[in-house]
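Scroll down for the structure; my scribbles are underneath it.
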Amino acid sequence: MKRRALIKGGLAGLSSLYLSKTVANNLLTPYAPAMQNGPFKPTWDSLAQYQVPDWFRDAKFGMWAHWGPQCQPERGDWYARGMYQEGSDQYKYHVEKYGHPSKFGFKDVINEWKADKWDPEAIVSLYKKAGAKYFMALANHHDNFDLYNSKYHKWNSTRLGPKKDLIGGWAKAAKNNGLPFAVSVHAAHAWSWYETSQRADKNGPLAGVPYDGKMTKADGKGKWWDGYDPQELYAQNHPLSERSENNNAIHSQWGWGNGVNPPTKAYMEDFYNRTIDLIDKYQPELVYFDDTALPLWPVSDAGLRIAAHLYNSSIKKHGKLRAGVFGKVLDEQQRKCMIWDIERGQSNQIEPLPWQTDTCIGQWHYDRRVYDNNHYKTPTTVIHTLVDVVSKNGNLMLNVPLRGDGSIDDKAKATVDGVANWMAQNSEAIYGTRPWTTFGEGPAIASAAPISAQGFNEGKGKPFVAEDIRFTTKGKTLYAILMGWPADKSIDIKTLGKINNKVTNVSLLGANGNLSFNQSTDGLKVSLPDQAAGKIAYVLKIEGAIG
């Protein structure tokens, strides 16, 4: 009541004691959001009581709109960093398309981005038709631009660029399609990621002229961004990290060590406030962090507080825990606290706890060259990845790049349609399944590449062939998914010769009638129809193998 009275009555009558900078700032700055109370506390020990919700384990397949202002140039991922790397492809492209980064920085790319063909209902409906059981949208990226009505961050999509609440639109579309909603949050790394914007050319006519990364609010007078502080976006009012001139050093500093310049408490608390605001406004079931363990860990407990808040908020809303947090490069304890996410790769074994692969059919942010050169993942590659991941107790989160204007191109849509066709026939071997005693057999297992850092073992092994088989189970049914169609129209499943149970029936999803088979100690030999049932991968439904 006292604070309201002071605001209502104005500041004129206050003594100089109350006109301190601290009081003035408190009157103008929103209060920090309160953390939701509940059984989860912001400690690793407390978060270890987490249990992955059954709905997520049953869903198996989600789709992602990894879409933001870095899609506007249509030149691939990490554009807002690469455009400040003199001599790089993105730098050269930027200079030619927009001008020199001392005169036209990423803040100006944001101003160009209008998202005028964005139709969230159409996109989410398309993804649901493809078989997605949950949907995730980018809430912010390392470029530090919030794609929602952010209470704590003026550089957001309701004020600048599209001037639309993009997360609000995605959340509504997900609800309309009956899909659990997820958000991805990447902005914790803007502090070090944007350090390239502090540079200047070393060569050419503008050598020594600083890029726009250290511009201030005062520099915007009379410009389109008048009244906005670029430092709220770029966060570069700090010394460079060690080896900052080495463009690859950031990868070894992702966990806030190895010489990275430590972020200020104000920066870390601002990230916390923004993320809690996002969760409270849009109530996502899942929050994905592009971080080692949790954002800003171990230099801050902000990530721990966010995870506890999400879990407790979910319990308060639903009466039970339906939420999840994704993190990368987790140790054994941390895997108990959240869902382990592997980027562009997969585990080589059945994991005891549910996990997720995230990958993209092209570049994370739209790259026109992928379209022009026909480099999208095919439906075959997507389905093979899905089947392999699900057989190992995982889920697949698939991104389909959207153009800067928000539309999906025809070649990307063709991949989505191909996935939809396969799922329409074979999804019973995916949804609601659990791993068997072994995930599979076949030659691809011997060539599987190990996980590197966040993942990144995708596509490094031998391609799948017909002899590569993956197993899933549902109740007393075993599904054997063949990654190709055998030329001789028969398949030997060696693993099924090593079990005690007698197979009683075998059928092929998408085909009529039962198949003839012979089970011996050498395996289960199944005779297949003359005509393949569909394309890509073929599901044998086997009864009796599971006691």
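In what order do ARG369, ARG335, ARG470 fall by count of nearby beta-carbon atoms within 10 Å, going from fewest to most?
ARG369, ARG335, ARG470
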(request) Given a cut-off of 25 Å, name the pairs among LYS221/LYS281; LYS129/LYS474; LYS107/LYS133; LYS265/LYS316; LYS97/LYS377; LYS97/LYS202 whose C-alpha atoms lie farther apart than that in the structure shown. (result) LYS221/LYS281; LYS107/LYS133; LYS265/LYS316; LYS97/LYS377
(request) Please report the orientation-averaged projected area of region 146-303, defined via the convex hull of its C-alpha atoms, in nm². (result) 11.0
(message) Please return the longest range in the chain lying between exposed loop sites, taking GluC sites (Glu not before Pro), DSSP loop only, at most 14 other beta-carbon atoms within 10 Å, and leaving the sites out.
(response) 246-547
(request) Would you mind checking which residues have amide H under 5 Å from GLY440's amide H? H placed 1.01 Å from N; only 5 or more apart, or other chain. (result) PHE471
(message) Just to confirm the filter: which trypsin sites (Lys or Arg not before Pro) across region 184-227 are DSSP coil and have at most 16 other Cβ within 10 angstrom of their Cβ?
(response) LYS202, LYS221, LYS223
(request) Give the long-range amide H neighbours of ASN395: residues separated by 5 or more places, or on another chain, with amide H under 5 Å away, using H modelled in the peptide plane at 1.01 Å from N. (result) TRP355, GLN356, THR357
(request) Work out from phi, with θ = phi - 60° and the Karplus expression 6.51 cos²θ - 1.76 cosθ + 1.60, the ³J(HN,Hα) of each residue of region 33-43, listed in order in whole Hz, and give x for Gly and Pro. (result) x, 7, 7, 5, 6, x, x, 8, 10, x, 9
(request) Pick out, in residue order, every one of the trypsin sites (Lys or Arg not before Pro) in region 488-547 that is DSSP loop and has at most 15 other C-beta atoms within 10 Å; say none if there are none. (result) LYS489, LYS498, LYS502, LYS535
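Sort ILE430, ILE342 so the one with the fewest other Cβ atoms within 10 Å of its own Cβ comes first.
So the ranking, lowest neighbour count to highest, is ILE342, ILE430.
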(request) Multiply the residue separation of LYS489 and ASN505 by 0.36 nm, subtract the distance between their alpha-carbon atoms, and state the gained length in nm to one decimal. (result) 4.0 nm
(message) Suppose we keep just the DSSP beta bridges with both residues in the chain; what percent of those would be antiparallel, to 5?
(response) 45
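Set the bar at 26 Å for Cα to Cα. Now go through LYS163/LYS411; LYS103/LYS154; LYS103/LYS163; LYS328/LYS411; LYS154/LYS214 and name every pair that lies beyond it.
LYS163/LYS411; LYS328/LYS411
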(request) Once you have the Kirkwood Rh of region 173-265 from its Cα pairs, apply Stokes-Einstein at 37 °C and 0.692 mPa s and quote D in µm²/s. (result) 209
(message) Whole percent per 10 Å bin, from 0 to the bin with the longest distance: what is P(r) over all C-alpha pairs of region 44-343?
(response) 6, 27, 34, 23, 8, 1, 0
(request) Would you tally the net charge around ASN393, using a Cβ to Cβ cut-off of less than 9 Å, leaving ASN393 out, and scoring K and R as +1, D and E as -1? (result) +2
(message) Run the reach check for LYS217 against aspartates and glutamates, Cα to Cα strictly under 12 Å, same-chain hits fewer than 8 apart removed. What comes back?
(response) ASP226, ASP229, GLU232
(message) What does DSSP give for region 44-343 in terms of the percent of beta bridges that are antiparallel, rounded to the nearest 5?
(response) 5
(request) Provide the gained length on full extension for the span LYS411 to LYS175, in nm with one decimal, where the gain is 0.36 nm per separating residue minus the Cα-Cα distance. (result) 82.2 nm
(request) Please work out, to two decimal places, the log10 of the ratio I(q)/I(0) at q = 0.10, 0.18, 0.21 Å⁻¹ from a Debye calculation in which every Cα of region 440-543 carries one identical scatterer. (result) -0.31, -0.88, -1.12
(message) Multiplying the sequence separation of ALA424 and ILE445 by 0.36 nm and subtracting their Cα-Cα distance, what value in nm do you get?
(response) 4.8 nm
(message) Quick check: the angle from helix 379-390's long axis to the longest principal axis of the chain, C-alpha only, nearest 10 degrees?
(response) 90
(message) Using only Cα atoms and rounding to the nearest 10 degrees, what angle (0 to 90) does helix 120-129 make with the longest principal axis of the chain?
(response) 20
(request) First check a/c for region 211-277, with a ≥ b ≥ c the square roots of the eigenvalues of its C-alpha gyration tensor; if it is under 1.5, answer rounded, and if not, answer prolate when a/b is larger than b/c or oblate otherwise. (result) oblate
(message) Rounded to two decimals, what is the ratio between the C-alpha radius of gyration of region 313-356 and 2.2 N^0.38 Å?
(response) 1.33
(request) Just add up the charged neighbours of LYS317: K/R +1, D/E -1, any other residue whose Cβ is under 12 Å from the Cβ of LYS317. (result) +1
(message) Under 8 Å for C-alpha pairs, at least 6 residues apart: give me the relative contact order for region 44-343, rounded to a whole percent.
(response) 19
(message) Testing the spin-label approximation: label points 7 Å from Cα along Cα→Cβ at GLU543 and LYS476. State their distance in nm.
(response) 0.9
(message) Filter LYS172/LYS317; LYS476/LYS525; LYS172/LYS476; LYS114/LYS535; LYS41/LYS114 down to the pairs with a C-alpha to C-alpha distance above 29 Å, please.
(response) LYS172/LYS476; LYS114/LYS535; LYS41/LYS114
(request) Determine the shape class of region 337-452: with a ≥ b ≥ c the square roots of the Cα gyration tensor eigenvalues, call it rounded for a/c under 1.5, and otherwise prolate if a/b is greater than b/c, oblate otherwise. (result) prolate
(request) Pop out the ³J(HN,Hα) list for region 516-529 in order, Karplus 6.51 cos²θ - 1.76 cosθ + 1.60 with θ = phi - 60°, rounded to Hz; leave Gly and Pro as x. (result) 7, 8, 9, 10, 9, 5, 7, x, 10, 9, 10, 8, 9, x
(message) Quick check: net charge around LYS202, other residues with Cβ under 12 Å of its Cβ, Lys/Arg +1 and Asp/Glu -1?
(response) -2
(message) Can you give me the C-alpha center-to-center distance between region 289-308 and region 215-230, rounded to a whole angstrom?
(response) 32
(message) Suppose every Lys and Arg Cβ carries +1 and every Asp and Glu Cβ carries -1, with no other charges. What dipole size does region 127-227 come out with about its Cα centre, to the nearest 20 debye?
(response) 500
(message) Residue by residue through region 336-350, what is 3J(HN,Hα) from phi via Karplus (6.51 cos²θ - 1.76 cosθ + 1.60, θ = phi - 60°)? Round to whole Hz and write x for glycine and proline.
(response) 7, 8, 7, 9, 6, 10, 10, 8, 6, x, 8, 5, 9, 8, 6
(message) Viscosity 1.567 mPa s, temperature 4 °C: what is the translational diffusion coefficient of region 92-217 from Stokes-Einstein with a Kirkwood Rh over Cα pairs, rounded to a whole number of µm²/s?
(response) 78
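Restricting to DSSP H runs of at least four residues, report the calculated mean residue ellipticity at 222 nm for the chain, -39500 (n - 2.57) per run over all residues, nearest 500 deg cm²/dmol.
-8000 deg cm²/dmol
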(request) Take every Cα pair under 8 Å in the chain that's 6+ residues apart, average their separations, divide by the length, and report that relative contact order as a whole percent. (result) 16
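Looking at region 43-126, which trypsin sites (Lys or Arg not before Pro) are DSSP coil and have at most 13 other C-beta atoms within 10 Å of their C-beta?
Answer by residue number: LYS103, LYS117.
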(request) Under 1.5 on a/c is rounded, so check that first for region 185-233, then, if it is not, pick prolate when a/b is larger than b/c and oblate when it is not; a ≥ b ≥ c are the square roots of the alpha carbon gyration tensor eigenvalues. (result) oblate
(message) As I understand it, the value is the acute angle between the Cα axis of helix 265-282 and the longest principal axis of the Cα atoms of the chain; what does it come to in degrees, rounded to 10?
(response) 60
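Computed from the coordinates by the stated procedures, all read-outs in this text should not be read as laboratory data. Computed from a prediction, not measured in an experiment: that's the story for all the values here. We place every Cβ from the backbone using ideal geometry, glycine too, and count neighbours over all the protein chains shown.
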